[in-house]
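The structure appears right after this line, and notes come after that.
The values are calculated or read from the model by the stated rules, or taken from the named source; none is laboratory data. Computed from a predicted model, the values in this text were never measured in an experiment. Positions of Cβ are backbone-derived with ideal geometry, glycine not excepted, and every protein chain shown enters the neighbour counts.
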Amino acid sequence: MTPNNFDPVETLNTIEEKFEMFQILDEEGKIVNESEMPELSDDQLVELMKRMVWTRVLDARSISLNRQGRLGFYAPTAGQEASQLGSQYALEKDDYILPGYRDVPQLIWHGLPLTQAFLFSRGHFKGNQYDEINALPPQIIIGAQYVQTAGVALGLKKRGKDSVVITYTGDGGSSQGDFYEGINFAGAFDAPAIFVIQNNNYAISTPRELQSKAKTLGQKGIAAGIPSVVVDGMDPLAVYKVVRDARDRAVAGEGPTLIEMLTYRYGPHTMAGDDPTRYRTSDEDSEWEKKDPLVRFRTYLEGKKLWTKEQEDEVIEQAKEDIKKAIKEADGTEKQSVTQLMEIMYADMPSNLKEQYEVYKEKESK
């Protein structure tokens, strides 16, 4: 291309055309990209399905517990199991997860006790005390975990660790300043990070098409000079594959990757009063229900004679028992006090809080 016919619009169009959705398992549960199949044994495939079913039960039960007033903040996850669990399944135990508020399932399967997950929802400080899990508590500030991820990843690199950091934000988060700062910093220093955009079509109620003129959100990584991909976020095999490949590149010293996962949340944004029927149509919901990650993966495994209704029922019952036990443990946890929060917040408590501390300490002693 010479200066005489240089066309920046054509350059943009050329880049955008490169971003086609990567898929392995289609909506009918059929393999459509055999050459890209990840190296997963039959036992591993079954285990991934078990985790997805278990998590769908957890979501339904958590919604019920929230409505009963037994949980606090909760962001539903149904529909995003492939995106969340397919990505976590591609990690190693020594890898780090820096989640957003909807990403509690990844933490649980990375080692966070379910009781602590419930305590986090209730706002109890013990829900954020991680002893044997490489993760930070869910970040509520949109996009902030991207900056934190760049820092943690650089720390791993400087220490010569063969591990990576993965983080998640939604489509709305990709419009935040922290998003750009995080991917740019990580790219500049070849930090071992995996940045995930879980594009579920809505930033609360704002539709994706009003958030950015970019044809894809994945292409935003090109500006930072890092490998970027758009993947079918309802396809657990495709999600696993792109995350595992990104991890391999990261530990080889090739730097970060940005992954846009096209997915959908079947429930509200959170249980704090959001009503998706006000901004989503029933036709749209029905169309995405046909792409349900559990349905297509179930069909695939049944075709391979690896999954039965009896197996699924067993997982469902186990999930119910696990949840029942964990919520009982959460109920039995000592209630947190104002003074406890003050004690763990500061190494050296400010003088104004010291005065308040004494006031609350006296109240709590009665």
Could you tell me which of the residues GLY221, GLY255, GLY182, GLY160 is more than 17 Å from GLN106 (Cβ to Cβ), touching a residue at least 12 places away in the same chain (Cβ under 8 Å) and in a loop (DSSP other than H, G, I, E, B)? GLY255
Yes or no: ILE97 in the same structural domain as PRO276 (by TED's automatic domain parsing), assigned to a strand (DSSP E or B) and either within 12 Å of the chain's Cα centre (by Cα) or not aliphatic (A, V, I, L, M) (or both)? yes
I'm trying to understand the selection: among the residues of segment 46-75, which are surrounded by 22 or more Cβ atoms within 10 Å (Cβ to Cβ) and β-branched (Val, Ile, Thr)? VAL53, THR55
Result of the Cβ filter at 7 Å on segment 190-216, keeping first residues that are farther than 17 Å from GLY79 by Cβ and partners that are acidic (Asp, Glu) and surrounded by 16 or more Cβ atoms within 10 Å (Cβ to Cβ), at least 6 apart or interchain, is GLN211/ASP171; THR216/GLU260
Considering only segment 225-246, state which residues are part of a helix (DSSP H, G or I) and either surrounded by fewer than 21 Cβ atoms within 10 Å (Cβ to Cβ) or without any contact (Cβ under 8 Å) to a residue 40 or more places away in the chain (or both). ARG244, ASP245
With assigned by TED's automatic domain parsing to the domain that holds ASP190 and over 29 Å from THR281 (Cβ atoms) as the only criterion, which of PRO227, PRO207, PRO236 stands out? PRO227
Only one of (1) under 21 Å from THR270 (Cβ atoms); (2) of a type outside the set (Val, Ile, Thr); (3) surrounded by 23 or more Cβ atoms within 10 Å (Cβ to Cβ); (4) out of contact with any Leu (no Cβ under 7 Å at 6 or more places or on another chain) fails for PRO105. Which number is that? (4)
Would you say ALA78 is of a type in the set (Gly, Ala, Ser), crowded, with 23+ Cβ neighbours inside 10 Å and modelled with pLDDT of 95 or more? no
Filter pass, GLY29 being without any contact (Cβ under 8 Å) to a residue 40 or more places away in the chain, on the phi > 0 side of the Ramachandran plot and in the same structural domain as GLY127 (by TED's automatic domain parsing): no
Can VAL32 be described as under 24 Å from THR299 (Cβ atoms) and aliphatic (A, V, I, L, M)? yes
Can you tell me which condition THR270 does not meet? The list is (1) in the same structural domain as GLN68 (by TED's automatic domain parsing); (2) β-branched (Val, Ile, Thr); (3) in a helix (DSSP H, G or I), and all the others hold. (3)
Can you find a residue that is farther than 23 Å from GLY172 by Cα, of a type outside the set (Ser, Thr, Tyr), in the same structural domain as GLU287 (by TED's automatic domain parsing) and without any contact (Cβ under 8 Å) to a residue 12 or more places away in the chain anywhere in segment 86-94? no
All but one of (1) assigned to a loop (DSSP other than H, G, I, E, B); (2) surrounded by fewer than 24 Cβ atoms within 10 Å (Cβ to Cβ) hold for ALA191; which doesn't? (2)
Somewhere in segment 120-139, is a residue hydroxyl-bearing (Ser, Thr, Tyr), closer than 18 Å to GLY233 by Cβ and either in the same structural domain as PRO268 (by TED's automatic domain parsing) or surrounded by 19 or more Cβ atoms within 10 Å (Cβ to Cβ) (or both)? no
Checking the conditions here, which among ASP178, ASP162 is surrounded by 18 or more Cβ atoms within 10 Å (Cβ to Cβ), at pLDDT 95 or above and of a type outside the set (Val, Ile, Thr)? ASP178
How many residues of segment 121-157 are in a loop (DSSP other than H, G, I, E, B), in contact with a His (Cβ under 9 Å, 6 or more places away or on another chain) and either closer than 21 Å to LEU258 by Cα or in contact (Cβ under 8 Å) with a residue 40 or more places away in the chain (or both)? The answer is 1
Take the residues in segment 344-362 that are touching a residue at least 12 places away in the same chain (Cβ under 8 Å) and not polar (S, T, N, Q); name whichever of them is farthest from ARG70 (Cα to Cα). TYR357
